[in-house]
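Q: Sharing a structure below in structure tokens format, with a few things to ask.
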Amino acid sequence: MKKVLVIYFTQTGQLHRAVGATLRNFDSDPAIKLDFERVEPKTPFPFPWTYMQFFDAFPETVQGIPCELHPAKFNPQENYDLIIIAYQPWFLSVSRPVDSFLQSTEAAKLLKGKPVITILACRNMWLNAQEKMKMHLKRLDAKLVGNITFVDRASNLVSLVTVLAFALGGEQGRYLGIFPKYGVSDEELKNSAWKFGDTILESLRNGNFEGLQQKLITLGAINIKPNLMIMEGRGKVLFPLYANFIMKKGRANSNERRTRVRIFGIVLPTAIFLLSPIIAILSRLLPLLFPKRTQEEITYFSGTDLR
Ligand SMILES: Cc1cc2nc3c(=O)[nH]c(=O)nc-3n(C[C@H](O)[C@H](O)[C@H](O)COP(=O)(O)O)c2cc1C
């Protein structure tokens, strides 16, 4: 019997659907025991978010400040063969509930020495969050053996509009009737996700995860676009600086920091809108000017190692 625990958090269920589609064939195998643990913040995060709630969540998320969680319900005595961590990036960081779980004593006991696979369902910017995840796993002495990412296939500017309409307006369909529906496509989940899961099953049955990530990459489990890689590089440097700037003014949701939060809420989408076209051009040039370096970066982010 192989025992698998899925640790996850989801607001609208998108990530839960992605996990279900990936692990579709786990249930039919009597030799696999699959447990789920939903991370539960004591103060639930809102959905839809108000404008202020959304941008006020930025500093603590980026700085990895844990929120309080309800105690986990999984059996700490169970010796799991594989842990799957399903999470979404928030502001290029691990979503706050999952990040908080990774800082708990329960996580330290659960993950020590264990193979871990991460599954993400998000807009399209996950590289920096996954680097933070790799750091957590290294600290916890766990071994990342696989990563699967599901992203919104629309262009960066279109998905910026639809994710904001979705998160702030609760829009689950086609915004204004003209934009595509936000998120990971149901077709993709139905048609490809199970292939990733079946590859995981094979490694799990053999008790050997060597080479798993390479197989997942070949199946199309990783989506990296050079323009977003460049954009994330900028955000990674600037976000912690602005997060500190807001936090210096006051605690989460306090009146003292409202002005700085509000400015961030205007500057961030504006910067993405203005920079996107420039970076799109740059990202076409870079692979021509520096083909080796660009390919090295893509290979690195596709893998499970931490540099
Ligand atoms: C506060 C917040 C910040 C987000 N930041 C990012 C981000 O940096 N990159 C990204 O690709 N998606 C981002 N998203 C979108 C989420 O990754 C995800 O697609 C969305 O929250 C729906 O997932 P869920 O219903 O499973 O929680 C963000 C969402 C929220 C709520």
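Q: Once you treat every alpha carbon in the stretch 163-297 as an equal point and sum by Debye, what is log10 I(q)/I(0) at q = 0.11, 0.14, 0.15, 0.22 Å⁻¹?
A: Values returned for q = 0.11, 0.14, 0.15, 0.22 Å⁻¹ are -0.72, -1.04, -1.10, -1.23.
Q: Put a dot 7 Å past each Cα toward the Cβ at Gln172 and Lys33; how far apart are the dots in nm?
A: 3.4 nm
Q: OK, next. Taking a threshold of 30 Å on the Cα-Cα distance, which of the pairs Lys114/Lys195; Lys2/Lys215; Lys132/Lys292; Lys33/Lys195; Lys73/Lys249; Lys2/Lys292 fall above it?
A: On the way: Lys114/Lys195 23 Å; Lys2/Lys215 21 Å; Lys132/Lys292 25 Å; Lys33/Lys195 19 Å; Lys73/Lys249 37 Å; Lys2/Lys292 41 Å.
Exceeds cut-off: Lys73/Lys249; Lys2/Lys292.
Q: Here's a follow-up. Using label points projected 7 Å from each Cα along Cα→Cβ, tell me how many nm separate Leu241 and Tyr51, to one decimal.
A: 2.6 nm
Q: Any chance you could get the radius of gyration and Dmax over the Cα atoms of the stretch 108-148, in Å?
A: Final numbers for Rg and Dmax: 10.6, 32 Å.
Q: Something else about it: DSSP beta bridges in the stretch 1-86, what fraction antiparallel, as a percent rounded to 5?
A: Working: 1 of 13 bridges.
Given both bridge residues lie in the stretch 1-86, the antiparallel proportion sits at roughly 10 percent.
Q: Going toward the positive end of the dipole of the stretch 42-104, with +1 on Lys and Arg Cβ and -1 on Asp and Glu Cβ, which of Val94, Phe47, Phe74 do you reach last?
A: It is Phe47, whose Cα lies furthest towards the positive end.
Q: Rg and Dmax of the stretch 55-182, Cα atoms, in Å?
A: For the stretch 55-182, the Cα-based Rg and Dmax read 16.4, 52 Å.
Q: Right, here's the next one. Report the one residue of Leu189, Ser276, Val158 whose Cα lies farthest in the direction of the positive end of the charge dipole of the chain (charges on C-beta: Lys and Arg +1, Asp and Glu -1; origin at the Cα centre).
A: In the chain, that residue is Ser276.
Q: Could you calculate, for the stretch 47-118, the ratio of the Cα radius of gyration to the Kirkwood radius, expressed as Rg to Rh?
A: Working: Rg = 14.0 Å, Rh = 13.7 Å.
Computed over Cα atoms, the ratio is 1.03.
Q: On to the next question. Among the GluC sites (Glu not before Pro) within the stretch 195-233, which fall in a DSSP loop and have no more than 13 other Cβ atoms within 10 Å of their own Cβ? Show your work: numbers first, answer last.
A: Working: sites: Glu202, Glu210, Glu232; in loops: Glu210.
For GluC sites (Glu not before Pro) across the stretch 195-233 that sit outside H, G, I, E and B with at most 13 neighbouring Cβ atoms in 10 Å, the list reads Glu210.
Q: Looking at the chain, send over the antiparallel percent of its DSSP beta bridges, to the nearest 5. Intermediate values should be presented prior to the final figure.
A: Numbers: 3 of 28 bridges.
Roughly 10 percent of the DSSP beta bridges within the chain come out antiparallel.
Q: Using r as the Cβ-Cβ distance of Lys190 and Arg251, and R0 as 51 Å, what FRET efficiency do you calculate, to the nearest 0.05?
A: Values: r = 44 Å, r/R0 = 0.86.
The pair Lys190/Arg251 has a calculated efficiency of 0.70.
Q: FRET efficiency for Ala108 and Asn79, Cβ-Cβ distance as r, R0 = 22 Å, nearest 0.05?
A: Numbers: r = 16 Å, r/R0 = 0.71.
After rounding to 0.05, the efficiency reads 0.90.
Q: For a quick check of your reading of the filter: which trypsin sites (Lys or Arg not before Pro) in the stretch 30-95 sit in a DSSP loop and have no more than 16 other Cβ atoms within 10 Å? Could the numbers behind the result be given before it?
A: Details: sites: Lys33, Arg38, Lys42, Lys73; in loops: Lys42, Lys73.
Those that pass, being in a loop and sparsely packed, are Lys42, Lys73.
Q: Per DSSP H run of n ≥ 4, the term is -39500 (n - 2.57); total these for the chain, divide by its residue number, and report the mean residue ellipticity at 222 nm rounded to 500 deg cm²/dmol. Write down the numbers at each step before the final one.
A: On the way: 13 runs with 154 residues, N = 307.
Counting only the DSSP helices, I get -15500 deg cm²/dmol.
Q: Looking at the chain, I'd like the Rg to Rh ratio, where Rg is from alpha-carbon atoms and Rh is Kirkwood's inverse mean 1/r. Intermediate values should be presented prior to the final figure.
A: Working: Rg = 19.3 Å, Rh = 20.2 Å.
Result for the chain is an Rg/Rh of 0.95.
Q: Using 0.36 nm per residue of separation minus the Cα-Cα distance, give me the extension gain between Leu306 and Ile278 in nm, one decimal.
A: Details: separation 28, 0.36 × 28 = 10.08 nm, distance 2.95 nm.
Here the answer is 7.1 nm.
Q: Something else now. What lysines sit close enough to Lys248 to cross-link, taking a C-alpha to C-alpha distance under 22 Å and skipping anything fewer than 8 places away on the same chain?
A: Here the lysines satisfying the reach criterion relative to Lys248 are Lys236.
Q: Same structure again: DSSP loop chymotrypsin sites (Phe, Trp or Tyr not before Pro) in the stretch 210-274 with at most 16 other Cβ atoms within 10 Å of their Cβ, which ones?
A: Working: sites: Tyr242, Phe245, Phe264, Phe273; in loops: none.
For chymotrypsin sites (Phe, Trp or Tyr not before Pro) across the stretch 210-274 that sit outside H, G, I, E and B with at most 16 neighbouring Cβ atoms in 10 Å, the list is empty.
Q: Quick test of the membrane-span-like rule: which DSSP H helices of the chain reach at least 30 Å along their long axis (C-alpha atoms) with mean Kyte hydropathy at least 0.0? Each step should come with its number before you reach the end.
A: Working: long enough: 226-247 (32 Å, 0.61); 258-289 (44 Å, 1.52).
For the chain, where a helix must reach 30 Å along its axis and average at least 0.0, the hits are 226-247, 258-289.
Q: Please report the Cα spread of the stretch 236-277 along all three principal axes, rounded to whole Å, starting with the longest.
A: 35, 19, 10
No value in this document is a laboratory result; all are computed from the given coordinates. In this text, all values refer to a predicted model and were calculated from it rather than measured experimentally. In this analysis, Cβ positions are derived from the backbone assuming ideal geometry, glycine residues included, and neighbour counts consider all displayed protein chains.
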